[in-house]
Amino acid sequence: MDIDEEQHLLHNDGEEEKPYSLEILENGRYLLRLGLKAFTVDDVTVDHGNVRLSLNGQRYSVKIKDEQALLLESLGFAQQTTTEQNALNAPMPGKILDVLHQKGDKIKKGDPLVILEAMKMENELTSPADGEVGRVHVQVGDSVEKNATLIEINTSG
């Protein structure tokens, strides 16, 4: 699904475009109009690309992907899964441009840890969990393969 913010159109795979509008109501809720339908949206929370909301009283959880994540996915490079939170792995082959934390540093989920150059793009790789940097397996200038462990993370429970 793609959103054209300039023309206020929603493009859904295989379906025709639908006009949309989003209005903030006085009570803190939102009114989403999609084509001829209207939806009440409230209780919206956003956490590292995970959006939770209530749509007409029903709870939903949605993962929002940025352009980089969509590009990686389209090229067959799946991003790291959240089940493996004790390590930061390379999502693709590349060259290490910068290591932003060292062993013992306290980190939060989403903190940038490593800058990886791949496909002529600089990619900021972030921590999958809260914790402390354990062993750092790479240094600036290293070439790494897809799925190589870059940094071990001692997660806080």
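Here are the numbers:
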{"read-out": "Contour minus Cα-Cα distance for GLU122 and SER74 (0.36 nm per residue)", "value": "15.5 nm"}
{"read-out": "Rel. contact order, % - alpha carbon contacts under 8 angstrom, at least six apart, the chain", "value": "15"}
{"read-out": "Under 12 Å, Cβ to Cβ, from SER143 - net charge with Lys/Arg +1 and Asp/Glu -1", "value": "-1"}
{"read-out": "Anchor LYS37: lysines whose Cα lies under 27 Å away (excluding residues fewer than 8 positions away in-chain)", "value": "LYS18, LYS63, LYS65"}
{"read-out": "Selected from ASN50, SER21, LEU36, residue furthest toward positive end of dipole (segment 2-63; charges at beta carbon)", "value": "ASN50"}
{"read-out": "HIS8-ASP130 FRET efficiency (beta carbon distance; Förster radius 35 Å; 0.05 resolution)", "value": "0.40"}
{"read-out": "Cross-link partners of LYS103 among aspartates and glutamates (Cα-Cα below 12 Å; sequence separation of 8 or more within a chain)", "value": "GLU132, GLU152"}
{"read-out": "Residue of SER127, SER54, SER21 that the Gaussian network model of the chain assigns the largest fluctuation, springs spanning Cα pairs under 10 Å", "value": "SER21"}
{"read-out": "Cα-centre dipole for the chain with unit charges at Cβ (Lys and Arg positive, Asp and Glu negative), debye to 20", "value": "520"}
{"read-out": "Segment 80-155: relative contact order in percent, alpha carbon pairs under 8 Å with at least 6 residues between", "value": "41"}
{"read-out": "Span from the segment 110-157 Cα centroid across to the segment 1-79 one, whole angstrom", "value": "29"}
{"read-out": "Of VAL140, ALA129, ALA118, farthest towards positive along the dipole that unit charges on Lys, Arg, Asp, Glu beta carbons give the chain", "value": "ALA129"}
{"read-out": "Charge sum, other residues only, whose C-beta stays under 11 Å from LYS95's C-beta, Lys/Arg counted +1 and Asp/Glu -1", "value": "-3"}
{"read-out": "Gain on full stretching of the segment that runs from ALA38 to ASP66 - 0.36 nm per residue minus C-alpha separation", "value": "7.5 nm"}
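We did not get these values from a lab; they are worked out from the coordinates using the rules stated. Fair warning: this is a prediction, and the values are worked out from it, not measured in the lab. Because the Cβ atoms are built from the backbone with ideal geometry, glycine has one as well, and the counts that use them run over all protein chains shown.
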